[in-house]
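The values are calculated or read from the model by the stated rules, or taken from the named source; none is laboratory data. Computed from a predicted model, the values in this text were never measured in an experiment. Virtual Cβ from ideal backbone geometry, glycine too; neighbours counted across all protein chains shown.
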Amino acid sequence: MPTLFALMTKSRALLSAIQAFGAIDFQTRWKSVISLDLTGIIAFDAVREWEAARRFTMRGSGNGPEWELRSHGKKIRFCLKTEKGLWVMKHIAIGILGAAALGLMASAASATTLDTVKAKGFIQCGVSTGLAGFSAPDDKGDWQGIDADFCRAVAAAVFGDGTKVKFTPLSAKERFTALQSGEVDILSRNTTWTINRDTALGLNFIGVTYYDGQGFMINAKKLPGVNSALQLSGAAVCVQSGTTTELNLADYFKANKMEYNPVVFEKLEEVNAAYDAGRCDVYTTDQSGLYGIRLTLGSPADHVVLPEIISKEPLGPAVRQGDDQWYHIVKWTYFALLDAEELGITKANVDEMKNSASPEIKRVLGQEADTKIGTDLGVSNDWVVNIVKAVGNYGEMFDRNVGSGSPLKIARGINALWTKGGLQYAPPIR
């Protein structure tokens, strides 16, 4: 009978995320003694080959109590014949899994995300199932939006070609598992940065590409006279499950001593369809999303976005923890977009700006003779040039997708650069 560690190491792609096993239950003949949740501590990738391999039974006794180890999907169960043997088996189990974790670390060190991306020749980008302005396919099936363009920017930094990216549409429920398991290399999917996601889920957020806040949209014909969210007591509210939106909604109504009827769906398109069909009176999500969704409704003019913002929603891309080089590449791609805008480097003038007399501009564009900024990062020294040629600077990306050059016409507001009263700010590239 192969050991648990041997079975683990036969997996084709081992990663540092614990989605394969969710919990371990230690039991005796008489009672369940302890349940140890290992989520986020140690794990391996539940690749397709492992799905069958991880279902097994191991038995033994030796000089100690008889025991049996059974694995079925996401549960490992230790069944002991005597309670006396519990302590021993607990430590055997933890030791086995600890050894596996060490093996996984060694495996991960030998194949970074950058290595994997370069080997396959493209970046796999996790996006939404369709949110105007952020990530949605156009009439030709090409993905458009700030989140989609950000992945193109990373592809340009890595490959010098912004087209070397493939998109995976993910529901709110699917998105974190897809990143943790290695199905996608970047999650760029209108996702709110929270402490739980940044710590317990094994993710690293690279920055805030869009500062947003949760709002409400109503059908003015169904709710005449309503001009504030404080008038929504008793309303049926459409909301997507598995989101901070759902939690914020409950908090807001509770804090204001109002009742509501949640109408919950897993997929965004299901929420949109339900609201458009009149199954609920109110739609709540990030306010930027409401403006985009309104454009897709049967009668957009009948719908009004209320003024209240009930939460902070810092939206940004995320990568897996444990790969600092990839984290830095993705993070500094974001900063490069901001620095380019601040320095006046655009898609139209980037080649001309390479001849600038400004030491700062020359340094950012990799034109200094002794520069090693790009190579130290793991990309070419003209990486910023490639980014700007692919998608423009941050301001261009914003205007094209959600701002003045888009159907949404959203003002920059707090997403303006710090020099113009906004929150967007990047460390210097030097």
Taking segment 172-217 only, how many residues are within 14 Å of Gly126 (Cβ to Cβ) and without any contact (Cβ under 8 Å) to a residue 24 or more places away in the chain? 1
The lone exception for Val282 - which of (1) touching a Leu at 6+ places or on another chain (Cβ under 9 Å); (2) surrounded by fewer than 17 Cβ atoms within 10 Å (Cβ to Cβ); (3) under 29 Å from Ser404 (Cα atoms) it fails: (2)
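Any idea which of Thr285, Thr296 is touching a helix residue (DSSP H, G or I) at 6+ places or on another chain (Cβ under 9 Å) and at pLDDT below 95?
The conditions single out Thr296.
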Out of (1) closer than 17 Å to Arg152 by Cα; (2) assigned to a helix (DSSP H, G or I), the one Thr375 does not meet is (1)
From Thr375, Thr371, Thr346, residue being more than 23 Å from the chain's Cα centre (by Cα), under 23 Å from Thr209 (Cβ atoms) and among the polar types (S, T, N, Q): Thr346
Could you tell me how many of the residues in segment 106-127 are in contact with a Gly (Cβ under 8 Å, 6 or more places away or on another chain) and modelled with pLDDT under 95? 1
Those residues of segment 245-273 that are of a type in the set (Val, Ile, Thr) and surrounded by 20 or more Cβ atoms within 10 Å (Cβ to Cβ) come to a total of 2
Count of segment 381-424 residues which are farther than 27 Å from Ala136 by Cβ and exposed (fewer than 14 other Cβ atoms within 10 Å of the Cβ): 4
Residue in segment 239-254 that is at positive phi, in contact (Cβ under 8 Å) with a residue 24 or more places away in the chain and not basic (Lys, Arg) present: yes
Residue under evaluation Asn381, criteria (1) free of Cβ contacts under 8 Å to residues at least 60 places away in the same chain; (2) over 30 Å from Gln144 (Cα atoms); (3) not hydrophobic (A, V, I, L, M, F, W, C), criterion not met: (2)
So which of Gly130, Gly162, Gly141 is surrounded by fewer than 24 Cβ atoms within 10 Å (Cβ to Cβ) and under 19 Å from Val379 (Cα atoms)? Gly162
Within segment 305-347, the residues that are within 30 Å of Leu230 (Cα to Cα) and either outside any loop (DSSP other than H, G, I, E, B) or acidic (Asp, Glu) (or both) are Val305, Glu308, Glu313, Pro314, Leu315
Quick one: is Tyr334 assigned by TED's automatic domain parsing to the domain that holds Ala157, of a type in the set (Ser, Thr, Tyr), closer than 14 Å to Pro427 by Cβ and surrounded by 18 or more Cβ atoms within 10 Å (Cβ to Cβ)? yes
